[in-house]
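A.B. asks: A single structure is presented below for examination.
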């Protein structure tokens, strides 16, 4: 499955990276192992996967979600925290040892993702890093000829997301966003019913999201940087700030919800954390996956400036699309997505599903994953000449199948970028507390220099995307 072009890309990236960054794999073991370890897939059909980021989501969702399929073989892991890196390496080795009813020690471990991308044995990568470390390794990956599965949200800023989508399509790689709700049957069913007019003319969509409680934020003192963590690189393009454990992730060997999720330096809070899922479903249901809204307004509560965790608290936003549909979002609504039309409504949510053990607790959680104003809507047959959305039994499997077939996957990068854009537009409106007017084609605010200044962020050397990649930001 490796063509001449892919090999040349890999050779190029290896030479480029090796010339600027010292590369030392923590371990590199022979990969000749019994076939029983990896199932009956022929080597030409087996996808060698490297995992970049082995924290909570990588460890509890993406690694288990991928390794269960015989068509995939995780051969390398990478993390800036040596303790987590070692634990991930052991996790993979133990999995294959148990599967083989013997021993296995063939998983490579890299401290830096550049080293992993230079490994010509790797066909595809999973990127499960914090939000501020999504775009740079992903662009490096597609330029190195790797296919990519990357956790949502697509980017830290709208301009970064546009760069990433453009680079991915230019490189011709399979790129899937970890918007796993698309692979849950109730979400596909709800969106198919709405797209085929079962609620009549769609008028309003209500998106309910959880939030982090601003009262949980505290003032933290500087702490010594753990010897096992490359904190300078972990900060990436964001400003250098003193280390404190609650800013990064736990150092006690657990994988509970990390503090960076609640720091605006590294993300935008729940508006992107869960908004990337639910706004994506809203887009999917009304067929706006490749465009965006035209008007956005919103308000939010914010914690005191001196506290560490500074993402938004209670919020409410309103977003208007060119098709006349208004999307109302806030934490006061039931968690999920409600499509309201001229002839009724359909509500869809995750039900009892949790991505990880430390997912936020949603108050008033509705365990009925699919509901409607008229139950007959839910049993309606989608005819052969109506809209049928992509089938996906499991999200990681869909990505792997797409790599083999080279056919579109259920959550391509452009779709992920557009969903993330809606989140970040809501975030900008919450910050500015006034109505904003958006051009979804140019991807710019109309006559608003202050708002346009929020489309990107200053980037710390040497993690400057524009200068490093020399990429265009426009379609």
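The values are calculated or read from the model by the stated rules, or taken from the named source; none is laboratory data. Everything numeric in this text was worked out from a predicted model, so none of it was measured. Every residue, glycine among them, receives a Cβ derived from its backbone with ideal geometry; neighbour counts consider all protein chains shown.
A.B. asks: Is it the case, given these coordinates, that residue 284 is surrounded by 24 or more Cβ atoms within 10 Å (Cβ to Cβ) and touching a helix residue (DSSP H, G or I) at 6+ places or on another chain (Cβ under 9 Å)?
C.D. replies: Numbers: surrounded by 24 or more Cβ atoms within 10 Å (Cβ to Cβ): yes; touching a helix residue (DSSP H, G or I) at 6+ places or on another chain (Cβ under 9 Å): yes.
So residue 284 passes the test.
A.B. asks: For region 98-109, check the following and say yes or no: at least one residue is touching a strand residue (DSSP E or B) at 6+ places or on another chain (Cβ under 8 Å), under 27 Å from residue 155 (Cβ atoms) and modelled with pLDDT of 95 or more.
C.D. replies: no
A.B. asks: Quick one: is residue 344 in contact (Cβ under 8 Å) with a residue 12 or more places away in the chain, touching a helix residue (DSSP H, G or I) at 6+ places or on another chain (Cβ under 7 Å) and farther than 25 Å from residue 290 by Cβ? Even if it seems obvious, please write down each step before you answer.
C.D. replies: Numbers: in contact (Cβ under 8 Å) with a residue 12 or more places away in the chain: yes; touching a helix residue (DSSP H, G or I) at 6+ places or on another chain (Cβ under 7 Å): yes; farther than 25 Å from residue 290 by Cβ: yes.
The answer is yes for residue 344.
A.B. asks: Test residue 159 against the stated conditions and say whether it is touching a residue at least 24 places away in the same chain (Cβ under 8 Å) and out of contact with any strand residue (DSSP E or B) (no Cβ under 9 Å at 6 or more places or on another chain).
C.D. replies: Yes, satisfied.
Each row is one residue, and each column tells you yes or no for (1) in contact with a strand residue (DSSP E or B) (Cβ under 8 Å, 6 or more places away or on another chain); (2) closer than 19 Å to residue 65 by Cβ; (3) part of a loop (DSSP other than H, G, I, E, B); (4) at pLDDT 95 or above.
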| residue | (1), (2), (3), (4) |
| --- | --- |
| 382 | no, no, yes, yes |
| 385 | no, no, yes, yes |
| 397 | no, yes, no, yes |
| 407 | no, no, yes, yes |
| 426 | yes, no, no, yes |
| 429 | yes, no, no, yes |
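A.B. asks: I've got another one for you. When you go through 456, 392 one by one, which is the residue that is closer than 23 Å to residue 176 by Cβ and in a loop (DSSP other than H, G, I, E, B)? Let's see the steps before the verdict.
C.D. replies: Numbers: 456 fails: closer than 23 Å to residue 176 by Cβ.
Matching residue, one of 456, 392: 392.
A.B. asks: Restricting region 311-369 to residues that are assigned to a loop (DSSP other than H, G, I, E, B) and on the phi > 0 side of the Ramachandran plot, which is modelled with the lowest pLDDT? Lay out the reasoning, then the answer.
C.D. replies: Step one: list which residues in region 311-369 are assigned to a loop (DSSP other than H, G, I, E, B), which gives 311-314, 321-325, 331-335, 342-343, 349-369.
Filter once more, so that each one left must be on the phi > 0 side of the Ramachandran plot: 324, 351, 364.
On the way: 324: 98, 351: 81, 364: 51.
Taking the candidates together, the pick is 364.
A.B. asks: Say we look at region 107-122 and pick out the residues that are in contact with a helix residue (DSSP H, G or I) (Cβ under 7 Å, 6 or more places away or on another chain) and farther than 29 Å from residue 263 by Cβ; which of these is surrounded by the fewest Cβ atoms within 10 Å (Cβ to Cβ)?
C.D. replies: 120
A.B. asks: Another question, if that's okay. Report those strands (runs of 3 or more DSSP E) wholly inside region 7-89 carrying at least 3 residues which are at pLDDT below 50. Step through it out loud before you land on a result.
C.D. replies: Details: elements: 25-27, 47-52, 72-78.
The strands (runs of 3 or more DSSP E) meeting that bar are 25-27.
A.B. asks: Only one of 219, 225 is part of a loop (DSSP other than H, G, I, E, B), more than 24 Å from the chain's Cα centre (by Cα) and closer than 28 Å to residue 332 by Cα; which? Step through it out loud before you land on a result.
C.D. replies: Details: 225 fails: closer than 28 Å to residue 332 by Cα.
Only one candidate qualifies: 219.
A.B. asks: When you check residue 229 against the structure, is it assigned by TED's automatic domain parsing to the domain that holds residue 459 and either closer than 30 Å to residue 397 by Cβ or crowded, with 20+ Cβ neighbours inside 10 Å (or both), yes or no? Break it down into steps so the answer makes sense when it comes.
C.D. replies: Numbers: assigned by TED's automatic domain parsing to the domain that holds residue 459: no; either closer than 30 Å to residue 397 by Cβ or crowded, with 20+ Cβ neighbours inside 10 Å (or both): yes.
No, not satisfied.
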